[in-house]
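Below is one structure, written out as structure tokens; comments come after it.
Just so it is clear, none of the values below were taken in a lab; they were calculated from the coordinates. What you see is a predicted model, and the numbers here were worked out from it, not measured in a lab. All Cβ positions, glycine included, derive from the backbone under ideal geometry; neighbour counts span all protein chains shown.
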Amino acid sequence: DLGAVKGSTGLYRTAMSQSGLDSPGTYSSYYNMTTALNCSNSIVQRLNCTNEDKQKVLSCIRNSSIENLFQIYSDRYTRPIIDNYFFPLYPPLAIQNGQYNNISLIMGNNDYDLSVCVDHPDMNYTDAIELISQSVEHKWIPAIVDYYHLKNCSANRTTNNTRCCNIVLSIAIDKFFDCDIRRLFNAFYLKYGPQYEQNKLFSYHLNCYPQCPIVPEMGICRHSAELPFVFGTISDFYSQELFNCTWDNSTRVFSNEIISHWINIATTGRPLNQWPIYDPSSPRHFHITPDRGFVAEIWNRNCSFYDEMEAEGVGKIFGNNHYIIKELPK
């Protein structure tokens with residue numbers, strides 16, 4: 001997001017997004033002005049701060065207790081606001097218009113960022129459709145069912161590739177992570193060509209099998225589970241106390257390898273050489289695992305219907321001319 005913020009040019013050279021759910025590559029990460037104002041007015045009304053005098057409104061909000069503010073704000077999802085000033089443009093359009101900062105981008109996610117099978121271990125086909133329908137319009141579901149071979153999925157926990165919750169996990173990772181990342185990267189490629197691409201854009205998937213510290217969903221590399229390995233600590237996002245466990249040598253080596261890449265990103269703006277540069281003609285991500293090593297893997301999934309969803313959604317939220325999906329050169 002920072003790459004499209006007014007006045008941020010030249011302030012930094014690299015941005016790294018670790019598990020940025022609904023990344024800068026999708027309209028659903030942002031509010032337009034109308035939605036933001038409606039949200040703001042709703043909170044003002046619930047605080048009983050409505051007044052024609054704006055200074056009195058501000059004074060009322062400032063005098064509200066933090067407990068009351070939390071209660072009224074509830075679990076509302078906070079998003080950046082495309083306001084045509086501080087945040088002038090939705091990021092893919094900012095890239096398309098040459099108004100996005102000239103920076104390196106490293107973006108990726110954990111293999112089980114979305115713990116679908118933990119939350120729905122006995123998911124069947126009907127359950128799968130119900131869950132998908134929460135984030136996808138009905139008209140797109142037949143294409144998704146067909147592409148991912150979801151129709152004949154199994155609720156059996158012993159199956160793997162055909163297990164319903166695993167297939168839904170793949171759908172969710174594609175929609176909320178990988179296709180958003182590719183949308184951004186492809187926008188850079190279309191604007192600046194391969195010369196920019198060769199030095200700036202990298203993606204990853206990460207698995208970690210955390211056994212120490214003992215945390216919820218033991219052994220699943222869920223959201224934030226990479227942080228102890230990135231920082232070389234036992235402490236975890238969910239840690240409440242020090243754990244009576246230590247890493248074995250292989251885990252320490254795994255952590256140190258991750259740290260080496262992250263340090264190189266911080267110092268040079270790019271990871272170490274074995275991490276592949278993004279190439280739209282043969283996209284690969286760097287798969288970081290403790291058991292199969294750090295390897296470049298081809299990512300050959302189809303993002304076309306997600307891109308169509310994106311173009312339609314952008315038209316509804318920001319206007320039909322705000323973002324146009326363009327074809328990459330053959």
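Note on the chain: GNM, Cα springs under 10 Å; of Arg62, Arg182, Arg163, the largest mean-square fluctuation is that of Arg62.
Its relative contact order, with pairs defined as Cα atoms under 8 Å and 6+ residues apart, puts the chain at 19 percent. Here the ratio of the Cα radius of gyration of the stretch 62-103 to 2.2 N^0.38 Å is 1.80. Full extension of the chain segment joining Arg46 with Ser170 gains 40.7 nm, where the gain is 0.36 nm per residue of separation less the Cα-Cα distance.
The alpha carbon radius of gyration of the stretch 32-78, expressed as a multiple of 2.2 N^0.38 Å, is 1.14.
Temperature 37 °C, viscosity 0.692 mPa s: under these conditions the Stokes-Einstein estimate for the stretch 139-196, based on its Kirkwood radius over C-alpha pairs, is 247 µm² per second.
Between Leu37 and Tyr125, residue separation times 0.36 nm minus the direct Cα-Cα distance comes to 27.7 nm. Ranking Gln274, Phe231, Gly193 by Cα position along the charge dipole of the chain, where only Lys, Arg, Asp and Glu carry charges on their C-beta atoms, puts Gly193 farthest toward the positive end. Structural descriptor for the stretch 20-77: relative contact order 25 percent, calculated from alpha carbon pairs under 8 angstrom and at least 6 residues apart. When every Cα-Cα distance of the stretch 101-158 is counted in 5 angstrom steps from zero, the calculated P(r) takes the values 4, 14, 20, 20, 17, 9, 6, 6, 3, 1 percent. Counting only cysteine Cβ atoms and a cutoff under 4.7 Å, the chain contains unmatched residues Cys39. For the stretch 8-62, the Kirkwood radius over C-alpha pairs fed into Stokes-Einstein at 20 °C and 1.002 mPa s yields D = 148 µm² per second.
Once the GluC sites (Glu not before Pro) in DSSP loops with at most 13 neighbouring Cβ atoms within 10 Å are cut out of the chain, the longest remaining piece is 138-240. Averaged over residues, the count of other Cβ atoms within 10 Å places the peptides 107-118, 275-286 in the sequence 107-118, 275-286, highest first.
Relative to one another, the C-alpha centroids of the stretch 64-118 and the stretch 141-182 are positioned 25 Å apart. At 0.890 mPa s and 25 °C, plugging the Kirkwood radius over alpha-carbon pairs of the stretch 47-126 into Stokes-Einstein gives what diffusion coefficient in µm²/s? Answer, rounded: 135 µm²/s. Report the extension gain between Glu137 and Ile66 in nm, rounded to one decimal, defined as 0.36 nm multiplied by the number of residues separating them, less their alpha carbon distance. Gain in length upon complete extension: 21.9 nm. Taken over the Cα atoms of the chain, the convex hull encloses 177 Å³ per residue.
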